[in-house]
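Student: Take this structure first; my questions come after.
The values are calculated or read from the model by the stated rules, or taken from the named source; none is laboratory data. Owing to the predicted nature of the structure, the values given are computational and were not obtained by experimental measurement. Positions of Cβ are generated from backbone atoms using ideal geometry, with glycine treated the same way; all protein chains shown enter the neighbour counts.
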Amino acid sequence: MQSKLKNYIPDNALESVLKLLEHDNLIVKIKSERKSKHGDYRALPNGKHQITVNANLNEYRFLITLIHEIAHFEAFKAFGRQIKPHGLEWKRTFQRLMLPFLNPEVFPMSLLPLLANHFKNPKASSDTDVKLALSLKQFDEPNNKSYIFEIPYGSIFKIYNGRVFKKVSKRVKRYECVEIKSGKLYLFNPNAEVEIINTK
């Protein structure tokens with residue numbers, strides 16, 4: 001496990017993470033990119049427990065995702081399967097497990113205030129915390145994508161599955177975009193990554 005994880009998380013987090021994973025019935029698998037999620041947790045029929053995390057995440061997002069899923073495992077062990085997936089039991093477990101990592105030995109100083117704020121009441125996905133998500137993306141590998149909030153109104157863009165949209169307006173937090181093919185209106189988070197299509 002040590003050799004598997006050391007390439008994915010900050011060096012100073014490795015020892016503490018390995019202690020959290022010292023369970024005979026807990027399996028961690030690193031998966032290729034999944035657009036719909038960064039990771040997941042499942043209690044398997046054979047009594048074992050499985051955590052998966054996407055391999056393409058930067059080391060800070062990988063660590064947050066891994067601890068997120070370990071918190072599901074710990075909450076399941078402590079409170080059983082009747083609890084809500086991202087309810088109070090999971091939130092408190094996630095806060096407790098994450099606290100030792102919230103220091104400049106593990107995370108860049110620029111992320112720490114945003115993480116401290118996020119973990120006052122952690123959400124089901126860090127992607128819904130726009131400021132934190134944008135700050136985490138600074139550490140991703142460079143690509144040709146833009147964020148929805150950056151592109152001008154009227155821009156034509158495509159998303160990961162090839163569907164094409166036009167950015168039209170903004171609601172309180174999200175952007176209204178019309179799918180070109182169907183004419184249907186969809187809402188996008190500001191930090192959704194898209195690829196602008198040059199229509200000239």
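Student: Could you check the stretch 158-200 and list, in sequence order, the residues that are within 11 Å of I148 (Cβ to Cβ), aliphatic (A, V, I, L, M) and assigned to a strand (DSSP E or B)?
Tutor: Correct list: L187, V194, I196.
Student: Let me ask you something else. Look at I83 and say whether it is in contact with a strand residue (DSSP E or B) (Cβ under 9 Å, 6 or more places away or on another chain) and either in a loop (DSSP other than H, G, I, E, B) or among the hydrophobic types (A, V, I, L, M, F, W, C) (or both). Please lay out each step first, then the result.
Tutor: On the way: in contact with a strand residue (DSSP E or B) (Cβ under 9 Å, 6 or more places away or on another chain): no; either in a loop (DSSP other than H, G, I, E, B) or among the hydrophobic types (A, V, I, L, M, F, W, C) (or both): yes.
Against the criterion (in contact with a strand residue (DSSP E or B) (Cβ under 9 Å, 6 or more places away or on another chain) and either in a loop (DSSP other than H, G, I, E, B) or among the hydrophobic types (A, V, I, L, M, F, W, C) (or both)), I83 does not qualify.
Student: Take the stretch 42-70 and flag every residue that is closer than 10 Å to V28 by Cβ and either outside the structural domain of K19 (by TED's automatic domain parsing) or over 12 Å from the mean Cα position of the chain (by Cα) (or both). Steps first, please.
Tutor: As a first pass, look at the stretch 42-70 and keep what is closer than 10 Å to V28 by Cβ: 49-53, 66, 69-70.
Listed by number, the residues that qualify are H49, Q50, I51, T52, I70.
Student: So, of the residues in the stretch 163-176 that are more than 22 Å from the chain's Cα centre (by Cα) and under 19 Å from K35 (Cβ atoms), which turns out to be surrounded by the fewest Cβ atoms within 10 Å (Cβ to Cβ)?
Tutor: Restricting to residues being more than 22 Å from the chain's Cα centre (by Cα) and under 19 Å from K35 (Cβ atoms), the top hit is R163.
Student: Could you pull out the residue among L136, L111, L115 that is in contact with a Leu (Cβ under 6 Å, 6 or more places away or on another chain), under 24 Å from E15 (Cα atoms) and surrounded by 15 or more Cβ atoms within 10 Å (Cβ to Cβ)? First the steps, then the outcome.
Tutor: Values: L136 fails: in contact with a Leu (Cβ under 6 Å, 6 or more places away or on another chain); L111 fails: in contact with a Leu (Cβ under 6 Å, 6 or more places away or on another chain).
Matching residue, one of L136, L111, L115: L115.
Student: I'm trying to understand the selection: among the residues of the stretch 16-48, which are without any contact (Cβ under 8 Å) to a residue 24 or more places away in the chain, out of contact with any strand residue (DSSP E or B) (no Cβ under 8 Å at 6 or more places or on another chain) and among the aliphatic types (A, V, I, L, M)?
Tutor: The one that is without any contact (Cβ under 8 Å) to a residue 24 or more places away in the chain, out of contact with any strand residue (DSSP E or B) (no Cβ under 8 Å at 6 or more places or on another chain) and among the aliphatic types (A, V, I, L, M): L18.
Student: Only one of (1) in a loop (DSSP other than H, G, I, E, B); (2) free of Cβ contacts under 8 Å to residues at least 60 places away in the same chain; (3) aromatic (F, W, Y) fails for F62. Which number is that?
Tutor: Every condition holds for F62 apart from (1).
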